[in-house]
1. Take region 105-135 and flag every residue that is touching a residue at least 24 places away in the same chain (Cβ under 8 Å), assigned to a loop (DSSP other than H, G, I, E, B) and more than 19 Å from residue 20 (Cβ to Cβ).
2. Answer yes or no as to whether residue 102 is surrounded by 23 or more Cβ atoms within 10 Å (Cβ to Cβ) and either at pLDDT 95 or above or assigned to a helix (DSSP H, G or I) (or both).
3. So which residues in region 147-191 are assigned to a loop (DSSP other than H, G, I, E, B) and away from the ligand (no atom under 15 Å from the Cβ), if there are any at all?
4. Name the residue, out of 95, 131, 144, that is at positive phi and either within 16 Å of the ligand (Cβ to nearest atom) or buried (at least 16 other Cβ atoms within 10 Å of the Cβ) (or both).
5. Within region 107-117, is even one residue over 13 Å from the mean Cα position of the chain (by Cα) and modelled with pLDDT of 95 or more?
6. Does residue 159 fit the bill of being over 14 Å from residue 33 (Cβ atoms) and surrounded by fewer than 14 Cβ atoms within 10 Å (Cβ to Cβ)?
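The values are calculated or read from the model by the stated rules, or taken from the named source; none is laboratory data. What you are looking at is a predicted structure, and each value in this text was computed from that prediction instead of being measured. A quick note on method: Cβ atoms are made from the backbone with ideal geometry, for glycine too, and the neighbour counts reach across all protein chains shown.
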Amino acid sequence: RKLFASEVNFVKGVVNMKGLPPADRPEIAFAGRSNVGKSSLINALFNRKQLARASGQPGRTQEINFFSILEDLFVVDLPGYGYAVAPKAVVDKWTAFTQTYLRGRTNLQRVFLLIDSRRGVTDVDKGIMKTLDRAAMNYQIVLTKADKLKKSELDDVMEGAVQAIKKHPAAHPRIMMTSSEKGMGLPELKAEIVALI
Ligand code: GDP
C-alpha cells in the first residue's frame with residue numbers, strides 16, 4: 001500500500017456536522033495548539049508541500065479540514081487551540097463543533113495530539129486531553145520540533161509526557177517524538193498510522 005507516496009486531495013473545510021464527508025473509510029485527526037507544527041507535520045508525513053496551509057495567525061482557522069489519501073484514509077486537520085492564562089476558557093472555546101465531531105465520528109481511529117517539545121505538556125494541553133478522555137477518543141501524544149532540543153532536554157520532555165498521560169485513560173501509552181524539519185520519528189509515526197487502517 002502506497003499510502004505515503006500517493007496523491008493527497010483536499011476534500012473540504014467543514015464547520016458543522018451536516019458538512020462532514022461520509023464516514024466510509026478510516027480517519028485520523030491531528031490536534032494541537034496553534035503554532036505547534038501541525039501543518040508542517042501533516043505535510044512532512046504525506047510528502048506534500050502545501051497540503052495543510054501553515055497558519056501564521058493563532059486561532060484563525062476554526063474549520064475542520066479533510067484530506068483524502070486515495071480511497072483509503074481521511075486525514076483531518078483540527079482547529080489549533082490557543083494559549084490563554086485560563087486554560088479552561090481555551091478548552092471550552094475549542095469549538096463545540098470539534099467536540100461534537102470527536103464524540104460522534106464512528107470512523108475516527110485516533111487523534112494525534114501534538115505537543116511542542118520546547119514547551120512540554122501545558123495546562124491547556126491537559127484540558128484538551130480531558131476533553132478527549134470524555135469523548136472516549138483514543139489519542140496519542142506526538143512531540144514536535146524535537147530538533148530544537150538537546151538529548152538531555154528531550155529526555156526530560158519525554159518523562160514529563162509519560163507522567164502526564166498516566167492521569168488520562170484514553171491516552172495511548174506510546175509517545176512519539178518527531179521533527180518535521182529533520183524527518184526524525186516520521187517512519188515510526190507512519191507505522192502507527194498504517195497499523196490503524
Ligand atoms: P501549526 O500552526 O501548528 O500548523 O504550525 P506550523 O506547521 O505552521 O509551524 C509553526 C512554526 O514552527 C513554523 O515557523 C515552522 O517552520 C516551525 N516548525 C514546524 N515544525 C518544525 C520542526 O520540526 N522543527 C523546527 N525547528 N521548526 C518547526
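1. Of everything in region 105-135, those that are touching a residue at least 24 places away in the same chain (Cβ under 8 Å), assigned to a loop (DSSP other than H, G, I, E, B) and more than 19 Å from residue 20 (Cβ to Cβ) turn out to be 117, 118, 120, 121, 122.
2. No: the conditions fail for residue 102.
3. Within region 147-191, 166, 167, 168, 169, 170, 172, 173, 174, 175 meet the criteria.
4. That would be 95, the only listed residue that is at positive phi and either within 16 Å of the ligand (Cβ to nearest atom) or buried (at least 16 other Cβ atoms within 10 Å of the Cβ) (or both).
5. Yes, region 107-117 has at least one match.
6. For residue 159, the condition - over 14 Å from residue 33 (Cβ atoms) and surrounded by fewer than 14 Cβ atoms within 10 Å (Cβ to Cβ) - is met.
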